[in-house]
Every structure is written in structure tokens, then in C-alpha cells.
Amino acid sequence: MAEFRHVPVLLEPVLEQLRIRPDGIYVDGTLGGGGHSAEIVKRLTEGGRLIGIDRDEAAIEAAGARLAPSGDRITVVRANYGEIRRVLDDLCIDRVDGILLDLGVSSYQLDTADRGFSYMADAPLDMRMDQEESRTAADLVNGCSEDELTRILRDYGEERYARNIARHIVAARAEKPVETTGELVRIVQASIPMKMQRTGGHPAKRTFQALRIELNQELTVLEDVTDTMIDCLNPGGRLCVITFHSLEDRIIKNRFRTAENPCVCPKNFPVCICGRKSRGRVVTRKPILPTEEETASNSRAKSAKLRVFERA
């Protein structure tokens with residue numbers, strides 16, 4: 001089994017934007033291998049505290065061991081970051097000074113074939129971030145109707161050939177269930193014109209992304225909890241979110257913009273009468289991107305974008 005590691009993307013910008021106070025309280029909502037957390041906790045004194053949250057048991061075990069020398073400065077919790085308010089309540093914490101989300105799939109999850117996240121190795125079609133969940137990607141592929149599969153691939157993968165891929169999946173599973181990543185890759189390859197497979201990366205990339213997002217309800221959780229995370233911040237506290245595709249980035253961009261300017265009054269009104277007050281400011285008018293040096297050393301950083309919001 002691969003070592004649980006996750007090269008921390010945009011590490012220096014994250015540390016700079018969090019503006020870490022030695023006695024502050026911070027949350028890493030997507031702990032992963034603990035790369036970001038290890039650097040955050042180094043900057044904390046005995047009065048500071050870091051809460052690391054992840055729903056992947058392997059991440060909890062690996063990061064817990066890696067961060068154990070930090071003692072009382074680190075608390076590791078197995079949960080979905082969408083449960084952040086409950087987690088903080090359980091720890092008797094009202095508000096924190098900074099929150100980080102790194103929404104990328106970890107290197108461990110991609111490199112451990114039997115997790116089923118990668119289209120580069122033949123393995124069971126799983127893709128569960130929380131392996132205590134019963135439903136797998138194979139259940140989606142074999143249980144959803146053609147219309148449902150088309151919607152998933154179109155909406156979450158922005159897949160041009162969504163309908164054709166869905167049609168081929170339905171035809172293939174009529175012969176036998178689609179049970180492995182390799183079987184799904186071959187179906188996708190047969191569904192996309194060969195000339196279109198020569199550009200834009202691996203032809204199954206968008207299909208795998210779409211199924212993973214649907215299975216783990218990634219966008220739903222992100223959209224539902226962004227406002228809550230802002231509410232969990234102390235005045236001046238910052239929410240830093242690293243996204244890896246346009247769907248995530250659009251949600252964060254729009255949520256941050258609305259939090260900064262929530263007024264719903266018609267534009268021709270001379271004064272605001274809706275009573276909605278700004279909850280802070282968008283720090284990053286344009287997202288922070290990785291440097292050429294970072295993308296050269298870590299190819300998985302290429303699509304990363306960091307957006308930051310500061311609580312009023």
C-alpha cells in the first residue's frame with residue numbers, strides 16, 4: 001500500500017494568507033497526509049491549537065502519527081468538513097482564527113489502486129472518500145439510469161460526450177456489471193471519437209471526476225458549508241480554499257462575493273433597505289495560482305487556485 005502523503009499545494013501562499021498567530025486556533029478541514037497542517041502547527045506556541053478534520057480513516061491514522069509530536073497543539077477528528085460546526089461544538093470552541101480547505105484528491109488516494117480513484121490502474125470501481133459509506137462508484141455506474149448518468153457526467157465532469165458515454169455504459173452493463181476502473185476506462189474510450197482522444201488529457205478524466213463528485217457529494221457539501229465556515233471565524237479570521245476545477249472554484253467565488261455584498265435591493269434603490277450586512281471582504285480578487293517552479297516539481301498543482309475571505 002502506498003504511503004499516505006500529499007504534497008501540500010500552494011503551501012507558502014496558504015501560510016501567508018492565514019496570517020497565523022502563535023496563540024491562535026486553526027482548522028485544516030481536509031487534513032489528508034497533514035502536509036499543510038505540519039507547517040501550520042510549527043508556527044503555533046503552546047497556547048495555539050490546530051484542529052485537523054478528514055473523513056478518510058487512512059488519512060486520520062497517517063496524519064495523526066505524523067503530527068503526534070505536536071502534542072496538545074493538534075487535535076485530529078474523523079469527520080466530513082461539512083460537520084465543522086458540530087466538531088467545534090464538541091471541542092467547546094466557539095470561533096477560530098483561520099480555516100483551510102484543500103479540495104484536491106490526495107496523492108495516496110490516487111496512487112493506492114484499490115481505492116479506485118485513478119483511471120491509470122485497473123482496480124475495483126470504488127472512489128469512496130469515507131470507506132464506511134456503503135455506496136461505491138460501481139453502484140452508481142450500474143444503478144443509475146442513462147439520463148441520470150448523462151446528467152452526472154455533464155454537470156460534474158463537463159463532459160462533451162456525456163450522453164454517448166452513458167449509453168455505452170448501459171449497453172455494457174446489460175451484458176455484465178461494470179466492476180473495475182479498467183472496464184470503465186475501456187467503455188469511455190469506445191464512446192469518444194479517436195481524434196478527440198488525442199487532446200485534453202486522458203479521455204476518462206472527466207468521467208472519473210464526475211462520478212467521484214457525485215458519489216462523495218463534494219459540491220453539495222462545499223456549497224452548504226461555506227457560509228457556516230465564515231460564521232465560525234473570529235473577526236479578522238480567514239477562510240482559505242484551494243480548488244482544482246472550475247465547478248469548485250465557481251462555488252467559492254460566488255459564495256465569497258455574496259458574503260461580502262449580500263444586499264438584494266434593486267440597483268436603482270438609493271439606499272439599502274434589505275438589512276443584509278456584509279460579513280467581511282474578499283481578499284483575493286483574482287485567485288492565487290502556483291508558480292512555474294511549483295508546477296514543475298508537482299504536476300498536481302497545475303490546476304490549483306487559492307481564494308481567501310476575511311471575516312469582518
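The values are calculated or read from the model by the stated rules, or taken from the named source; none is laboratory data. The structure displayed is predicted, hence computed values, not measured ones. Using ideal geometry, Cβ is built from the backbone for each residue, glycine included, and neighbour counts are taken over all protein chains shown. The area values use the complete protein model at the heavy-atom level, side chains included, leaving out ligands, DNA and RNA. Shrake-Rupley method; radii C 1.70, N 1.55, O 1.52, S 1.80 Å.
Worth a mention:
- Rounded to 0.05, the FRET efficiency of the GLU260 and HIS202 pair, given R0 = 41 Å and the Cβ-Cβ distance, is 0.65.
- Applying the criteria of a DSSP loop state and at most 16 other Cβ atoms within 10 Å to the GluC sites (Glu not before Pro) of the stretch 32-100 yields GLU46.
- Förster radius 45 Å - calculated FRET efficiency between GLU175 and THR220 (Cβ-Cβ, nearest 0.05): 0.85
- Between ASN234 and LYS302, the modelled label-to-label distance comes to 4.1 nm, taking each label 7 Å out from Cα in the direction of the beta carbon.
- The angle between the Cα long axis of helix 246-260 and the main principal axis of the chain comes to about 30°, on a 0 to 90 degree scale.
- In this structure the amide hydrogen of THR30, modeled in the peptide plane, comes within under 5 Å of the amide hydrogens of ILE53, ASP102, none closer than 5 places in sequence on its chain.
- Accessible area of SER303 in the full protein assembly, 1.4 Å probe (Å², nearest 10): 60
- Compared with the rule-of-thumb size 2.2 N^0.38 Å for a compact globular protein, the stretch 1-132 has a Cα radius of gyration ratio of 1.06.
- Accessible area in square angstrom per residue, the chain, 1.4 angstrom probe: 48
- Positive contributions from Lys and Arg (+1) and negative ones from Asp and Glu (-1), summed over other residues with Cβ under 12 Å from the Cβ of VAL41, come out at +1.
- Loop trypsin sites (Lys or Arg not before Pro), the stretch 64-121 (other Cβ atoms within 10 Å of the site Cβ: 15 or fewer; DSSP): ARG95
- Compared with the dominant principal axis of the Cα atoms in the chain, helix 162-175 is inclined by about 60°.
- Comparing GLY82, GLY47, GLY237 in a Gaussian network model of the chain (Cα springs below 10 Å), the most mobile by mean-square fluctuation is GLY47.
- Contour minus Cα-Cα distance for ASP227 and THR291 (0.36 nm per residue): 20.1 nm
- In order through the stretch 284-298: 3J(HN,Hα) via Karplus (6.51 cos²θ - 1.76 cosθ + 1.60), integer Hz, x for Gly, Pro: 9, 5, 10, x, 7, 10, x, 6, 4, 5, 5, 5, 5, 8, 9
- Euclidean distance between Cα centres, the stretch 76-103 to the stretch 152-190, Å: 36
- Most fluctuating residue given options SER118, SER37, SER299, as computed from a GNM of the chain linking Cα atoms under 10 Å: SER299
- Theoretical FRET efficiency, 1/(1+(r/R0)^6), r = Cβ-Cβ of LYS195 and SER134, R0 41 Å, to 0.05: 0.55
- For the stretch 70-210: relative contact order, % (alpha-carbon pairs under 8 angstrom, 6 or more apart): 20
- Most fluctuating residue given options GLN189, GLN17, GLN109, as computed from a GNM of the chain linking Cα atoms under 10 Å: GLN189
- Contact order relative to length of the chain, as percent, for alpha carbon pairs under 8 angstrom and 6 or more apart: 17
- Counting charges near GLY157 (Lys, Arg +1; Asp, Glu -1) among other residues having Cβ under 10 Å from its Cβ returns a value of +1.
- In the chain, lysine pairs closer than 28 Å at Cα, eight or more apart or cross-chain: 20
- Relative contact order (%) - the stretch 213-312, alpha-carbon pairs under 8 angstrom, separation at least six: 36
- Taking θ as phi - 60° and the Karplus parameters 6.51, -1.76 and 1.60, the scalar couplings of the stretch 31-36 work out to 4, x, x, x, x, 5 Hz in sequence order, x denoting glycine and proline.
- Degrees, to the nearest 10: 181-191 long Cα axis against longest axis of the chain: 70
- Of interest is the spacing of the C-alpha centroids, which for the stretch 278-302 and the stretch 199-215 amounts to 22 Å.
- The phi torsions of the stretch 104-116, fed into the Karplus equation with coefficients 6.51, -1.76 and 1.60 and a -60° offset, translate into couplings of x, 6, 5, 4, 4, 4, 6, 7, 8, 4, 6, 7, x Hz, rounded to whole numbers, with Gly and Pro shown as x.
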